[in-house]
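Student: Below are the structure tokens for one structure; questions will follow.
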Amino acid sequence: MQKLSGKQELYEVILVRDEDTYPSLSERTDQINKLNPEMVFSLHVNTSSQKETSKHGTEIYVQNAEDSKKLAGKIYKKFDVRKIEERNLHILRETKAPTVLVELGFINNSTDRNYVTSEKGQKEIAQKFVDIINGN
């Protein structure tokens, strides 16, 4: 586990996984719950069955909880969001803290892929989450 701190030391970001390892879903949520975080952003990149898709943009999946839906609303203000949907996914169901699963774009959409894999895109995405956490 790698710990990263913001410059202002206002919050601590913890990467649960920073390499291609595959802990079980239960191992992941157990680790998260032991940390007892204030909020959880589970970040992913989407795909579809086509080789190249016209689908693009962010999709947000939420818990059946008001705090999770509030986080989704903050993300909605910062990203090109296709949809916000309540889902019965393991991380959303088993994580005790307010949690959102965010699909940052589609890997098989050239525009989304180029953005999320570029240094500029990654910095912009990170800054948007900093702003969300800081309430901006």
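Student: Per-residue ellipticity at 222 nm for the chain, helices alone: DSSP H runs ≥ 4 residues times -39500 (n - 2.57), over residue total, nearest 500 deg cm²/dmol?
Tutor: Numbers: 5 runs with 53 residues, N = 136.
One gets -11500 deg cm²/dmol as the mean residue ellipticity at 222 nm.
Student: Moving on. May I ask you to list the aspartates and glutamates whose Cα is less than 12 Å away from that of Lys77, ignoring any residue fewer than eight positions away on the same chain?
Tutor: Straight-line reach from Lys77, under 12 Å: Asp131.
Student: Quick one: what Rg and Dmax do you get for the chain from the alpha carbons, in Å?
Tutor: Cα only, the chain: 14.9, 43 Å (Rg, Dmax).
Student: Among 38-48, 115-125, how do they line up by average Cβ neighbours within 10 Å per residue, starting with the highest?
Tutor: The densest-packed peptide leads the list: 38-48, 115-125.
Student: If you don't mind, there's one more thing I want to ask. Pop out the carbon and sulfur fraction of the accessible area of the chain as a percent, whole number, probe 1.4 Å.
Tutor: Carbon and sulfur: 47 percent of the exposed surface of the chain.
The values are calculated or read from the model by the stated rules, or taken from the named source; none is laboratory data. Predicted model, so just to flag it, every value in this text is computed and none were measured. Every residue, glycine among them, receives a Cβ derived from its backbone with ideal geometry; neighbour counts consider all protein chains shown. Please note that ligands, DNA and RNA were not included when accessible areas were found on the heavy atoms of the full protein model with its side chains. Shrake-Rupley method; radii C 1.70, N 1.55, O 1.52, S 1.80 Å.
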